[in-house]
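Colleague: Once you've had a glance at the structure underneath, I'll fire off some questions.
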Amino acid sequence: MRIVGFFKSIQFKFVLIYTLLILLAMQLIGVDFSSSLEKNYINSKQQSMVKEAKTLSYFVSEAIKKAEETDKGDMNAISKAVQDQISDVGENNVRVISKDRIILATSNDNSNEVGKQDNDKIVVKDLYTAEDTTHRILKSKSDNGRVMVVTTPVTVGKEKVGLLYMEDSLNGIYKELRTTNNYLASAIVIALIVTALLGFFLARTITKPLAQMRRQARAVSQGDFSLRVDHNDDDEIGQLANSFNNMTERLQEANASTEAERRKLRSVLTYMTDGVIATDRNGDIILVNDRSEELLHVYRENILGKSIIDLLKIEEEFHLDDLYDMEDSMMLDFSTEHQKLLVRVNFSVILKENGAIDGLIAVLHDVTEQEQIDEERREFVANVSHELRTPLTTMKSYLEALSDGAVEDENLRDKFLGVTQNETERMIRLVNDLLQLSKLDAEDPNFNKETTNYISFLKDIIDRFEMSKKQHIHFELKLPRGPIYTYLDRDKMTQVIDNIISNAIKYSPDGGRITFKVVKKGNHLVTGIRDQGVGIPKENLTKIFDRFFRVDKARSRNLGGTGLGLAIAKEIVAAHGGEIWADSEWNKGTAIFFTLPLSKGGSYDA
């Protein structure tokens, strides 16, 4: 949030408006006061000069009257008598003009004007037209100032014998007005300064809470809800501050609730076993959880903002509108050469309150394992059906032959009954192996484990095969001399080793060699049984432990195998906490390895 400058702040605007209002009011008052004062001064001066002019006019008329009676109208005598009356008029410029426009006397020292004709327009006008005292304000001829002129008729009896002209400068009045105005202007400036200071502090009482609200709003926008507005008054500003504090508390509670829900949602999305992808209404990705990254082998930073259609690689089959209308799930294959991956995608539309489409939610579920289980189940059923159909078909053929008359032939009868018995025993072995696998698949197989000297246990099994084998096959033992103790089920592990040795004997050539080796690695015991048979192709090494898998199906079936021996061995070894694997080269033989955990304290002397 940008900080507001002082000259743009409410405080400055408040002080400015307050000061301008005071200035306007004081200007109006000053103008009115100055005008009234000027008017009063002028009126007072006017009244004073009019009164003085009338008084002088009376005395001048009396002096003229007396001079006419005494000196028989001698102009010099009349002029002297009038001069005596106006000689002490002070600073006023006074002239007395006869009805013939002759200056009879003046108040100034310029006596050259006496006896001359006065051609002043005002004098001429008032001398012949004015019947009473008149007054005027004129521009001074000497200093460009202003003067007040008062004229009044001079009468003797009822006859107008002349005119008294009085003039006085108004410069003193206007000088005094200017001085007063200067004092008034100084007072206005001082008042404005005081007003501005008072306005500043007054504005602070209003703008301080507003400034706190601004800081609080900025802090709230940044996620800080700790600030509060200080207020002591219960006026509108105080009520606003109180409401703002309450709003901040409500926002803090709402934000805390929203954040808690967001954390819950984040935790749910993070630990979901399904992938979740959210888009905006344009189909661009805005949210991806961790599981989606793992399933699709992508990084969140690289796919945010990209189209979900491109991410799921369905741009050729579907358009965005198709996803909005899709009700059923979609199965997508993301398998590679090294890994099989099948994903089921369900789409859900995000709607606004007004019902408009706001986006899309895609839920990705890894169904690879489920599909593999289904495929294995189908394959298992097919294999079991095939394994059972073969001996049943054989038995049916021989039994039909017997019923058709072969039973009468003793040699054929014995042969056919022998084959039927072998196939029956083969089906019994198959069923028994299936039952055993079913038990091993149970969560808690019933194993009778006991601490066993593994070296002695393995030697007994090898000795049994050494005595019963019919082929010319040599057994080579590379076993430790001392005892090694493991915790195992003797019957189950005997079945594992029997199966491995039986396979080695079956596929070993006459005169071949089978090597037995046991070594200790860490806390485990590694057993290896290697033959010199035809071997197993590399691509089939991981498959030989699958149920019903055979490298050479025809030969295995002829040798009496069910295809479940190594699968059972794998389950038994895994139940003992070990691992089993194969190593082979084509036409060079096969080695089967498995590990068993050592008993605590078990040791041997090599």
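Colleague: Report the charge-dipole magnitude of the range 278-430 in Debye, nearest 20, computed about the Cα centre from +1 at each Lys and Arg Cβ and -1 at each Asp and Glu Cβ.
Modeller: 440
Colleague: Next up: Just the number, please: carbon plus sulfur as a percent of the accessible area of the chain, 1.4 Å probe, no ligands or DNA/RNA counted.
Modeller: Within the chain, the accessible surface is 51 percent carbon and sulfur.
Colleague: Additional query: So what does the Cα-only Debye profile of the chain read at q = 0.06, 0.10 Å⁻¹, as log10 I(q)/I(0), no solvent term?
Modeller: With one equal scatterer per Cα and no solvent, log10 I(q)/I(0) is -0.71, -1.07.
Colleague: So, one more: Would you mind working out the magnitude of the charge dipole of the range 97-164 relative to its Cα centre, with +1 at each Lys and Arg C-beta and -1 at each Asp and Glu C-beta, to the nearest 20 Debye?
Modeller: 220
Colleague: Could you tell me the distance between the Cα centroids of the range 475-544 and the range 92-149, to the nearest Å?
Modeller: 155
Colleague: Dividing the alpha-carbon radius of gyration of the range 259-406 by 2.2 N^0.38 Å (N being the number of residues), what value is obtained?
Modeller: In units of the globular-protein estimate, the range 259-406 measures up at 1.66.
Colleague: Right, next: Using just the helices of the chain, give the 222 nm mean residue ellipticity in deg cm²/dmol: DSSP H runs with n ≥ 4 each add -39,500 (n - 2.57), and the total is spread over all residues, rounded to 500.
Modeller: When only DSSP H runs of four or more count, the value is -17500 deg cm²/dmol.
Colleague: Solvent-accessible area per residue for the range 95-243 at a 1.4 Å probe radius, Å²?
Modeller: Spelled out: the 1.4 Å probe surface of the range 95-243, per residue, equals 59 Å².
Colleague: Another question, then. May I have the extent of the alpha carbons of the range 466-532 along their three principal axes, as whole Å values ordered from largest to smallest?
Modeller: 37, 23, 18
Colleague: Please work out, to two decimal places, the log10 of the ratio I(q)/I(0) at q = 0.16, 0.25 Å⁻¹ from a Debye calculation in which every Cα of the range 67-162 carries one identical scatterer.
Modeller: -0.72, -1.59
Colleague: Another question, then. Can you find, among P480, N453, Q421, the residue sitting farthest towards the positive end of the charge dipole of the range 393-536, where Lys and Arg contribute +1 and Asp and Glu -1 at Cβ?
Modeller: Checking the options against the dipole of the range 393-536, the answer is P480.
Colleague: Could you state how much accessible area R262 has, in square angstrom rounded to the nearest 10, with a 1.4 Å probe and all protein chains kept in place?
Modeller: In the full protein context, R262 sits at about 100 Å².
Colleague: Where in the chain lies the longest segment free of GluC sites (Glu not before Pro) that are both loop residues by DSSP (not H, G, I, E, B) and have at most 11 other Cβ atoms within 10 Å?
Modeller: In short, 132-315.
The values are calculated or read from the model by the stated rules, or taken from the named source; none is laboratory data. Every value quoted in this text rests on a predicted model; they were computed, and no experiment measured them. No Cβ is skipped: glycine too gets one built from the backbone with ideal geometry, and neighbour counts run over all protein chains shown. Please note that ligands, DNA and RNA were not included when accessible areas were found on the heavy atoms of the full protein model with its side chains. Shrake-Rupley method; radii C 1.70, N 1.55, O 1.52, S 1.80 Å.
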